[in-house]
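> Right, I'll just put the structure down here and ask away after.
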Amino acid sequence: MADSYIQDLFAERIGGKNYGKSNAIYKFEKIKRAKRAAQALNPNLPLIDMGVGEPDEMAFPEVVDALCSAARDPRNRGYADNGGPDFKKAAAGYMRAVFGVSLDPEAEILHSMGSKAALSILPSCFINPGDVAIMTVPGYPVFGTHTKYLGGEVFNLKLEEKNAFLPDLAQIPNDILKRAKVMVVNYPNNPTGASATQEFFKDLVSFAKKNEIVIVSDAAYSSLVFDGDPISILQTEGAKDVSVELHSLSKSHNMTGWRIGWVCGNPLIVKAYGDVKDNTDSGQFLAVQLAAAKGLENPDITRQIAAKYSRRVDKLVKVLKELGFSPHKPKASFYLYMPSPKAAVSKDGKRTEFKTGEDFSQWMISEHLISTVPWDDAGGFVRFSVTFEARGEKAEDDVVKEIGRRMSTCKYEF
């Protein structure tokens, strides 16, 4: 079929007249295709999915009940716009209970339809053509993608093991800092699992003030803590002068598909976010907001979820170490991030080399029906997520043992 005039109308930000003609395949699409192919060849062997990082259980019963009740209330049927007061008050209470941070729910908190939506809206508050957003890699690229859509540029700051996967701020060139408006950080970090420290946030706030940039702290995993207390950048003196923080119930409350979270911190930035958001969506369904408020009233929900992930991480670390890997249990999140092997040697002597983390990840799917996620932005690494399907500790033990059984058919070279 010949190209129609529509082909010439696509915006350059998505490829212009070449839109849809690229043969490049996105990493996660490669994983999906590999999983389908492996399952077709091995229909009797269940796939163990440690890839996407989506909670494997439902939201807690009291949250689901609150949704059902609120959905039946005709007062909640209309547009939510920039949100209802109940959710903002609940978010303020959660920030106070979990992080010891006091916020004005009317001026310093606004709901989001998940962190992804907030990260796609916030660039429009700041980025003009030629402006720079500083993004850490590996990481979640949405803010950077929209920065480019708006004619801005992205400077990628590598997260390396030698720095405990914290960004080395001294590596940002002066010419970048002169044009930078925003720096996005994500701790506890996806994919590395690394946690920020109070000292790092103190240095980051000072750095932001010195260079007159805004800090966007994506804290989606901040309350899923295994070791110590949850940390927020807003605990840092002066942080509210230069930063906003993004929170989400997706991971902390098993509410991934509900699409609810919040932006909080600097009131002027929150206001700007709200103004752009008001021209972007009509708000999350009020019943979802009220159900989320119910969940936020009980921080023990998150503590129970974190305890489950901590237990699973311990089990997986033990098995992977026995296989020769070098995993380190993080202080929070549900990820294990480690260097991918250089090669695998099967018991019959067949040697398979891996030039990248992606090579290893694809091999794991095709050979063992174990799905992981590769990251090659700052060296060859692979991420295991302990969000695999399992109901109860016995089932968890069975899954981890099966991972060990499948992977033990090879020796790994690092």
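The values are calculated or read from the model by the stated rules, or taken from the named source; none is laboratory data. Because the structure is predicted, anything quoted here is derived from the model rather than measured. In this analysis, Cβ positions are derived from the backbone assuming ideal geometry, glycine residues included, and neighbour counts consider all displayed protein chains. Ligands, DNA and RNA are excluded from the accessible area calculation, which covers all protein heavy atoms including side chains. Shrake-Rupley method; radii C 1.70, N 1.55, O 1.52, S 1.80 Å.
> In straight Cα distance, which aspartates and glutamates are under 16 Å from Lys30, not counting same-chain residues fewer than 8 positions off?
Qualifying aspartates and glutamates at Cα under 16 Å: Asp49, Glu358, Asp359, Glu367, Asp376.
> Where does the Debye-calculated log10 I(q)/I(0) of the range 335-414 sit at q = 0.14, 0.20, 0.22 Å⁻¹, using only Cα point scatterers of equal weight, no solvent?
The Cα Debye sum returns log10 ratios of -0.48, -0.92, -1.06.
> Each residue of the range 397-414 in turn: what ³J(HN,Hα) in whole Hz from Karplus with 6.51, -1.76, 1.60 and θ = phi - 60°, glycine and Pro shown as x?
4, 5, 5, 5, 4, 5, 4, x, 4, 5, 6, 6, 6, 9, 9, 10, 10, 10
> Gap in Å between the Cα centre of the range 334-368 and the Cα centre of the range 146-215?
Their Cα centres are 31 Å away from one another.
> Choose one of Gln198, Gly152, Ser371: the residue whose Cα lies farthest towards the positive end of the charge dipole of the chain (beta-carbon charges +1 Lys, Arg; -1 Asp, Glu; about the Cα centre).
Checking the options against the dipole of the chain, the answer is Ser371.
> If you count only protein heavy atoms with a 1.4 Å probe, what accessible area per residue comes out for the chain, rounded to a whole Å²?
47 Å²
> DSSP loop (so not H, G, I, E, B), at most 12 other Cβ within 10 Å: list which GluC sites (Glu not before Pro) in the range 156-233 pass both filters.
In loop regions of the range 156-233 (DSSP not H, G, I, E or B), the sparsely surrounded GluC sites (Glu not before Pro) are Glu212.
> Please give the net charge around Lys202, taking every other residue with its beta carbon less than 12 angstrom from that of Lys202, where Lys and Arg add +1 and Asp and Glu add -1.
That works out to -2.
> Please state, rounded to one decimal and in Å, the Kirkwood hydrodynamic radius that the chain gives when every pair of distinct Cα atoms enters the mean of 1/r.
Here the Kirkwood hydrodynamic radius works out to 22.8 Å.
> Something else: If you take the Cα Rg of the range 179-241 and divide it by 2.2 N^0.38 Å, with N the number of residues, what do you get?
For the range 179-241, the normalised Cα radius of gyration is 1.11.
> From Cα pairs below 8 angstrom and at least 6 apart in sequence, can you work out the relative contact order of the chain, rounded to a whole percent?
After rounding, I find 23 percent.
> Also: Before rounding to the nearest 500, sum -39500 (n - 2.57) across all DSSP H runs of length at least 4 in the chain and divide by the residue total; then give [θ] at 222 nm in deg cm²/dmol.
Helices in the chain give a 222 nm mean residue ellipticity of -11000 deg cm²/dmol.
> Can I ask one more? Where in the chain is the longest stretch that carries no trypsin sites (Lys or Arg not before Pro) classed as loop by DSSP and with at most 12 other Cβ atoms within 10 Å?
Answer - 78-346.
> Now for a different question. What do you get for chymotrypsin sites (Phe, Trp or Tyr not before Pro) in the range 70-103 restricted to DSSP loop and a cutoff of at most 12 other Cβ within 10 Å of the site's Cβ?
In loop regions of the range 70-103 (DSSP not H, G, I, E or B), the sparsely surrounded chymotrypsin sites (Phe, Trp or Tyr not before Pro) are Tyr79.
> Name the residues whose placed amide hydrogens come within less than 5 Å of the amide hydrogen of Ser340, ignoring near sequence neighbours (fewer than 5 apart) on the same chain.
Phe381, Val382
> Now, a different point. With contacts defined as alpha carbon pairs under 8 Å and 6 or more residues apart, what's the relative contact order of the range 1-136 in percent?
RCO, the range 1-136: 9 percent.
> Regarding the range 257-303, what whole-number volume in Å³ per residue does the convex hull of its Cα atoms give?
95 Å³
> Next up: Measure nothing but the geometry: give the 0 to 90° angle between the long axis through the Cα atoms of 85-94 and the longest principal axis through the Cα atoms of the chain, rounded to 10°.
Value to nearest ten degrees: 60.
> While we're on this one: Once you put a point 7 Å from the Cα of Asn44 and another 7 Å from the Cα of Lys209, both along the Cβ direction, what distance in nm separates them?
For the pair Asn44/Lys209, the computed spacing is 6.7 nm.
> Still on this model: Mind listing P(r) for the range 110-232? All alpha-carbon pairs, 10 Å bins, whole percents.
Here the calculated profile for the range 110-232 is 13, 45, 36, 6, 0.
> A further question follows. Hey, can you grab everything whose amide H is under 5 Å from the amide H of Ser112? Only 5+ residues off in sequence or another chain; H modelled, so Pro and N-termini drop out.
Close amide H contacts, sequence-distant or interchain: Gly261, Trp262, Val263.
> From the convex hull of the Cα coordinates of the range 93-164, what is the mean projected area in square nanometres?
Computing the convex hull of the Cα atoms and averaging its projections yields 6.6 nm².
> Along the range 191-204, what does the Karplus equation 6.51 cos²θ - 1.76 cosθ + 1.60 (θ = phi - 60°) give for ³J(HN,Hα), rounded to whole Hz, x for Gly and Pro?
Residue by residue, the range 191-204 yields x, 6, x, 5, 10, 6, 10, 4, 5, 4, 5, 4, 5, 5 Hz.
> Now for a separate question. Restricting to the chain, what percent of DSSP beta bridges are antiparallel, rounded to 5?
Among the beta bridges of the chain, antiparallel pairing accounts for roughly 55 percent.
> What residue among Val244, Phe360, Gly265 has its Cα farthest toward the positive end of the dipole of the range 217-370, where the charges are +1 on Lys, Arg and -1 on Asp, Glu, each on the Cβ?
Phe360
> May I ask you to give the percent of accessible area on the range 124-175 that is carbon plus sulfur, with a probe radius of 1.4 Å?
With neighbouring chains kept in place, the figure for the range 124-175 is 48 percent.
> A further question on this structure: Whole number please: convex hull volume per residue of the Cα set in the range 149-290, in Å³?
Taking the convex hull of the Cα positions in the range 149-290, it is 142 Å³ per residue.
> For the range 176-182, what does the Karplus curve 6.51 cos²θ - 1.76 cosθ + 1.60, with θ = phi - 60°, yield as ³J(HN,Hα) per residue in whole Hz, taken in order and with x for Gly and Pro?
Each residue's phi maps through the Karplus curve to give 6, 4, 5, 9, 6, 10, 9 Hz.
> Just tell me which aspartates and glutamates come within less than 15 Å, Cα to Cα, of Lys17; anything on the same chain fewer than 8 places away is out.
Asp3, Asp8
> Taking amide H positions as placed in the peptide plane 1.01 Å from N, state which residues far from Ala332 in sequence (5 or more) or on other chains have amide H under 5 Å from it.
Under 5 Å from the amide H of Ala332: Phe226.
> Anything over 32 Å Cα to Cα? Flag those among Lys331/Lys401; Lys271/Lys308; Lys88/Lys321; Lys181/Lys329; Lys202/Lys355; Lys178/Lys342, in the order listed.
Too far apart for the 32 Å limit: Lys271/Lys308; Lys88/Lys321; Lys181/Lys329; Lys202/Lys355; Lys178/Lys342.
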